[in-house]
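Taking it in order: structure first as structure tokens, then the write-up.
The values are calculated or read from the model by the stated rules, or taken from the named source; none is laboratory data. Fair warning: this is a prediction, and the values are worked out from it, not measured in the lab. Positions of Cβ are backbone-derived with ideal geometry, glycine not excepted, and every protein chain shown enters the neighbour counts. SASA here: full protein model, heavy atoms, side chains in, ligands and nucleic acids out. Shrake-Rupley method; radii C 1.70, N 1.55, O 1.52, S 1.80 Å.
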Amino acid sequence: MDVRTLLLQQWASCLDEEDWFPPLEKVLKNITLEQAIWKPVEGKMNSIWELVSHLLFYEKRLLMRFLGETENEPQAENNEATFRLPTATLQNWMETKQEYFNVHRELEKILAQSEHEDLYRQIPGERSLVLELKSLALHNAYHIGQIVFLSKMQGARH
């Protein structure tokens, strides 16, 4: 199995293919606005929506950097700022989810169409595509686990 095939499988398991954990698209399918912003306690714990925003930030930043569109990449003062939300409305929640799905799928298309040299080409401000996607897949799996936990605390079944 080549590295692209392995990464494509990892990438798909994070969004829409069942593997060791439920994929994010399935987990978020019926999450309401109230569930998305809910926190079990105030303080350090992030909500489901905050976690999705965080994942979106890093995926979108990689996509923009890979495409050479650094002027369009999201900005944050620090990692904590990547969890910030827009105004908590149903429309904004739906848009955040859809943008995440779109960016994830766009990165998947890029990976699927990349030649060997593209996989290992240095991305401005990053490492190579293959190393960044590997790292993001693990990062996604970690936060998907948190999202699943938060949703189950609220009675969701996956």
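Quick one: with all protein chains in place, what share of the accessible area of the chain is carbon or sulfur, to the nearest percent (1.4 Å probe)?
Working: 4490 of 8710 Å².
Answer for the chain: carbon and sulfur cover 52 percent of the accessible area.
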**Prompt:** Across bins of 5 angstrom width beginning at 0, how are the C-alpha pair distances of region 1-60 distributed, in whole percent?
**Reply:** 4, 16, 18, 23, 18, 10, 6, 3, 1, 0
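Only Lys, Arg, Asp and Glu count, each charged at its Cβ (+1, +1, -1, -1), so figure out the dipole size of the chain about its Cα centre, rounded to 20 debye.
Numbers: 17 positive and 24 negative charges, 100 e Å.
In debye, rounded to 20, the chain gives about 480.
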**Complete:** Heavy-atom accessible area per residue of the chain, all protein chains kept, 1.4 Å probe, expressed in Å², is 55
**Item:** Heavy atoms of K29: accessible area, 1.4 Å probe, square angstrom to 10
**Value:** 150
**Message:** Give me the dipole magnitude in Debye, nearest 20, for region 32-108 about the Cα centre, with unit charges on the beta carbon: positive for Lys and Arg, negative for Asp and Glu.
**Reply:** 180
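When you count, for each residue, the other Cβ atoms within 10 Å and take the mean per peptide, how do 136-145, 113-122, 57-66 rank with the highest first? Write out the running numbers ahead of the final one.
Values: 136-145: 16.8, 113-122: 12.4, 57-66: 20.3.
Descending mean neighbour count gives 57-66, 136-145, 113-122.
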**Request:** Would you kindly find the accessible area of T32, with a 1.4 Å probe and non-protein molecules such as ligands, DNA and RNA excluded, rounding to the nearest 10 Å²?
**Result:** 60
**Asked** Which of the helices in the chain, when you take each full DSSP H run, stretch at least 24 Å along the axis at their Cα atoms and have an average Kyte-Doolittle score of -1.0 or higher?
**Response** 48-66, 90-113, 129-153
**Request:** Multiply the residue separation of Q146 and Q75 by 0.36 nm, subtract the distance between their alpha-carbon atoms, and state the gained length in nm to one decimal.
**Result:** 23.2 nm
**Fill in**
Candidates E126, E17, E77; GNM for the chain (alpha-carbon contacts under 10 Å) flags as most fluctuating E77
**Request:** Assuming a ≥ b ≥ c are the square roots of the Cα gyration tensor eigenvalues, decide whether region 46-88 counts as rounded (a/c under 1.5), prolate (otherwise, with a/b larger than b/c) or oblate.
**Result:** prolate
**Message:** Taking each pair of distinct Cα atoms in the chain once, what is the resulting Kirkwood hydrodynamic radius in Å?
**Reply:** 16.2
**Asked** Quick one: if the Förster radius is 22 Å, what FRET efficiency do Q9 and N102 give, using the C-beta to C-beta distance and rounding to 0.05?
**Response** 0.60
**Prompt:** Any idea how far apart L85 and E117 come out in nm if each label point goes 7 Å out from Cα toward Cβ?
**Reply:** 4.6
